[in-house]
Structure formats: structure tokens, C-alpha cells
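Visitor: Dumping the structure here so I can ask a few things about it.
The values are calculated or read from the model by the stated rules, or taken from the named source; none is laboratory data. These numbers come from a predicted model, not from an experiment. Cβ placement follows ideal geometry from the backbone for every residue including glycine, while neighbour counts extend to all protein chains displayed. Just the protein is used for accessible areas: all its heavy atoms, side chains included, with ligands, DNA and RNA removed. Shrake-Rupley method; radii C 1.70, N 1.55, O 1.52, S 1.80 Å.
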Amino acid sequence: MSGERITLTVNGANVEFEAPARKLLSDALREDCGLTGTHVGCEHGVCGACTVLVDGRPQRACLCFAVQMEGHEIETIESVGTPQRLSVLQQALHECHGLQCGFCTPGIVMTFEAFLKEHPDPSEDQVRETLSGNLCRCTGYQNIVDAILLAARRLREGAAS
């Protein structure tokens, strides 16, 4: 299948490849960029597993085409923390047992990396409202909510010191 040559800026690096006009961003990230942390669940934008940041804002990667993303900054889960040094949010999810199988976790992390920058002191209701866009079939949501609130507190405390 032929397409046009595009260049995406992903996690701070330019990646050039050929993409058909209708290739989804989620597929381009996984297949052409080798970034498999962006998971594809429902392919309808409902589950949130494919959430990435586009220009700092959460975006469902299964609802946009790769060619639409030229000129935008894309961040995937691979840009957040490392196995040796987790982000504050990832560490809180680990400590609060806010993940089990991990399929939904990248989308949740990307959603809340952006959310916590805009809402440094969120209420539990705000966290739950935002989390409603990410489906998890394993954990229930209480531990995820607890982890997000813990991360928010730690980020505030870190900013104060």
C-alpha cells in the first residue's frame, strides 16, 4: 500500500516514514515508530488505552490519522519515566497497586500526566471524572484514584521544596 512520506515528531525525535492517508496514529506509532507502549483496545476512542499527548493534550491515537499529526509534538508512554526511574505518577500506581495486567496503564498515565499539570490539587471527584475516559477491566478504580491523588500530593510537595 503506497502513501505519502511524512515526518512525525515523537518523544522529541523526528521519525520519517511512508504512510497511507488513512493510517491511524496508533498504528503508525506501533508499526512505523516501534513504540508499542501505545495500546490499541476498542479502536473507537472509548477505552482510552491508546491515549497519547499531542501538543501536551491527551488524544486518542485511534481516532486520528498519522498524516494529520505532522507539525505537532507527540508524546507516548515511552517518554515517561524509565524502568530504573519511574515518574511520580508511575511510582504511585506501583505503590498503590493501581495496575494489574497493565493494558490500560499507558493511557491512564498519559491522561494524568497532562491532567496533573493543569490540576495540581485535584479533588477525588475531578480525578474520577477524568478517569471515566479510561476503562480498566482488572483493578476496579479505587487504587488508581488513590495513586493519582498520591502523585498529585507528591508533585505539590516537590514543587514547594
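Visitor: Does Leu149 fit the bill of being over 26 Å from Glu73 (Cβ atoms), of a type in the set (A, V, I, L, M), assigned to a helix (DSSP H, G or I) and open to solvent by 30 Å² or more (accessible area, probe 1.4 Å)?
Guide: Yes.
Visitor: Quick check on region 27-41. Is at least one of its residues touching a Cys at 6+ places or on another chain (Cβ under 8 Å), open to solvent by less than 40 Å² (accessible area, probe 1.4 Å) and among the polar types (S, T, N, Q)?
Guide: For region 27-41, residues touching a Cys at 6+ places or on another chain (Cβ under 8 Å), open to solvent by less than 40 Å² (accessible area, probe 1.4 Å) and among the polar types (S, T, N, Q): present.
Visitor: Please enumerate the residues belonging to region 1-23 that are within 17 Å of Arg60 (Cβ to Cβ) and either under 16 Å from the mean Cα position of the chain (by Cα) or surrounded by fewer than 19 Cβ atoms within 10 Å (Cβ to Cβ) (or both). First the steps, then the outcome.
Guide: Just the residues of region 1-23 that are within 17 Å of Arg60 (Cβ to Cβ), to begin with: 8, 10, 22-23.
Selection gives Val10, Arg22.
Visitor: Select from region 42-70 the residues that are part of a loop (DSSP other than H, G, I, E, B) and aliphatic (A, V, I, L, M) and write down the one among them that is least open to solvent (accessible area, probe 1.4 Å).
Guide: Applying the first criterion (part of a loop (DSSP other than H, G, I, E, B)) to region 42-70 yields 42-50, 55-56, 64, 70.
The next check asks that each one be aliphatic (A, V, I, L, M); those that pass are 46, 49.
On the way: Val46: 91, Ala49: 4 Å².
It comes out as Ala49.
Visitor: Which of the residues belonging to region 95-147 are aromatic (Phe, Trp, Tyr) and either in contact with a His (Cβ under 6 Å, 6 or more places away or on another chain) or under 13 Å from Thr51 (Cα atoms) (or both)?
Guide: If the condition is that a residue be aromatic (Phe, Trp, Tyr) and either in contact with a His (Cβ under 6 Å, 6 or more places away or on another chain) or under 13 Å from Thr51 (Cα atoms) (or both), then Phe103, Phe112, Phe115 are the ones that fit.
Visitor: Part of a loop (DSSP other than H, G, I, E, B) and of a type in the set (A, V, I, L, M) - does that describe any residue in region 110-132?
Guide: no
Visitor: Report, ordered by the first and then the second residue, all pairs with beta carbons closer than 6 Å, sequence separation of six or more or different chains, a first member in region 81-102 that is open to solvent by 20 Å² or more (accessible area, probe 1.4 Å), and a second member that is of a type in the set (Ser, Thr, Tyr).
Guide: These pairs meet every condition: Gly81/Ser87; Leu99/Thr105; Gln100/Thr139.
Visitor: Working only within region 103-128, note down all residues that are polar (S, T, N, Q) and either under 15 Å from the mean Cα position of the chain (by Cα) or open to solvent by less than 70 Å² (accessible area, probe 1.4 Å) (or both).
Guide: Across region 103-128, the qualifying residues are Thr105, Thr111, Ser123.
Visitor: Here's a follow-up. May I ask you to list pairs of residues, at least six apart or on different chains, whose Cβ atoms are under 6 Å apart, with the first in region 133-161 being of a type in the set (Ser, Thr, Tyr) and the second being modelled with pLDDT of 95 or more?
Guide: Pairs found: none.
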